[in-house]
Amino acid sequence: MVEVTLWGSLSAVAGGEARHHIEAKDIMELFRKPAEQCTGIEPWIDQRNRSGY
């Protein structure tokens, strides 16, 4: 399990919660889980995936 800290706009779209504890078996799951838990984050994560980061 890792603690992910969101900042600025990401924290706002995650319901105002800056820190999230996420259990993931790999890096892809680490990015997918926040999008499942806080739907407002999904466009931000999806944008990063498309740009190659």
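Coordinate-derived values only; no laboratory data. In this text, all values refer to a predicted model and were calculated from it rather than measured experimentally. Neighbour counts run over all protein chains shown; Cβ positions are idealised from the backbone, glycine included.
Of note:
- Nitroxide proxy distance, nm - points 7 Å out along Cα→Cβ at residue 42 and residue 25: 2.3 nm
- Coupling constants for the range 13-21 follow from the phi torsions by the Karplus curve (6.51 cos²θ - 1.76 cosθ + 1.60, θ = phi - 60°), and in residue order they are 6, 9, x, x, 8, 7, 10, 9, 9 Hz; glycine and proline get x.
- Net +/- balance of residues flanking residue 2 in space, Cβ distance below 13 Å, scoring K and R +1, D and E -1: -1
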